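*Asks:* Provided herewith is a single structure, encoded as structure tokens, for subsequent inquiry.
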Amino acid sequence: MLSKIHHVGLVVRSADAALSFYRDALGLPVSVDRVIEDQGVRGVLLPIGDAEIELLEPTRDDTGVARYLETRGEGMHHVCLASDDCAADLKAAAAAGVQLIDEEPRPGLAGMIGFLHPKSNHGVLIEYATPIEESHVGASADALAQRIDHIGVVVEDISVAAATYERHFGFSLDDSRGGPIAALGIENAFMPAGNTDFEFIKPTSDEGPVAKFAAERGEGSFLLSLAVTDAAGAVEALRAGGVRAGDANGGVAFVSPRSSFGVNLQLVQRS
């Protein structure tokens, strides 16, 4: 059974360089830093709340992660869902007609893992992971970012995407949130996924970053939102460390993708 977001995977050219932002500027601790030889990647896990951010640096040119980096550049790569039985959940997905990348679980940084093809999930590469019990460093209460608030996914039709995610993963929309936002040229809806939310975002205008993403890439992972206790204070602290960040407006601020290694990163103030 699937329960929550385990981690969000980010592809980077250099994990050491990316750690200067995710570890040093945001204050997230490192729980695992390991090269997985058979996958040709160096993976770094940084706990945030009861989830993690995973940095993926290819160590060979003949891997899927390396090809992704070459064609798409740095940024969001996949969303991992925690599973209590990865093998059973992969079989259930296949029985439901989901296109799989992995038909059987294999060892990964997060435990026993398996991937679903993004074509089945509106452009989002989804991973299942059954964690292996081992001692990990926990999240830091002193970190600038306290948890993953939501993951933004650009879709063509919110109702269709929501039905897909409910059918595949068992999550349901929160009808009390979301709707048209004319000033941003979007419509959105939120789907709680255990410890965080998926935000489905549909462009309603030909202008703006969401419309540009949809035109260039179609559906897929668009935004990573992190919860902070004080958005303006977080921006000030990041700027003091050389990070490019916009002003906080209504408790929301954005970090430049140049500083967040290709990620459209939002900071949202939560009490």
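The values are calculated or read from the model by the stated rules, or taken from the named source; none is laboratory data. No experiment lies behind these values; they were computed from the predicted model shown. A quick note on method: Cβ atoms are made from the backbone with ideal geometry, for glycine too, and the neighbour counts reach across all protein chains shown.
*Asks:* Can you list the strands (runs of 3 or more DSSP E) found entirely within the stretch 165-271 that contain at least 3 residues being more than 18 Å from Glu74 (Cα to Cα)?
*Replies:* Passing ranges, in order: 174-181, 186-192, 197-203, 220-228, 265-269.
*Asks:* Could you tell me whether Gly49 is surrounded by fewer than 21 Cβ atoms within 10 Å (Cβ to Cβ), at pLDDT 95 or above and within 24 Å of Ser172 (Cβ to Cβ)?
*Replies:* Taking the combined requirement at face value, the residue satisfies it.
*Asks:* Go through (1) surrounded by fewer than 13 Cβ atoms within 10 Å (Cβ to Cβ); (2) on the phi < 0 side of the Ramachandran plot; (3) of a type outside the set (Asp, Glu); (4) at pLDDT 95 or above and name the single condition Ser260 misses.
*Replies:* (1)
*Asks:* How many residues does the stretch 26-46 contain that are buried (at least 20 other Cβ atoms within 10 Å of the Cβ) and within 30 Å of Glu236 (Cβ to Cβ)?
*Replies:* 5
*Asks:* Give the number of residues within the stretch 148-162 that are of a type outside the set (A, V, I, L, M) and surrounded by fewer than 20 Cβ atoms within 10 Å (Cβ to Cβ).
*Replies:* 3
*Asks:* Looking at the stretch 115-126, can you tell me whether even one residue there is touching a Ser or Thr at 6+ places or on another chain (Cβ under 9 Å) and farther than 24 Å from Glu199 by Cα?
*Replies:* Scanning the stretch 115-126, I find no residue that is touching a Ser or Thr at 6+ places or on another chain (Cβ under 9 Å) and farther than 24 Å from Glu199 by Cα, so the answer is no.
*Asks:* Quick check: anything in the stretch 208-224 crowded, with 17+ Cβ neighbours inside 10 Å and of a type in the set (Asp, Glu)?
*Replies:* Checked against the condition, which is being crowded, with 17+ Cβ neighbours inside 10 Å and of a type in the set (Asp, Glu), the stretch 208-224 yields at least one hit.
*Asks:* Of the residues that sit in the stretch 57-89 and are touching a Gly at 6+ places or on another chain (Cβ under 9 Å) and assigned to a loop (DSSP other than H, G, I, E, B), which one is surrounded by the fewest Cβ atoms within 10 Å (Cβ to Cβ)?
*Replies:* Asp62
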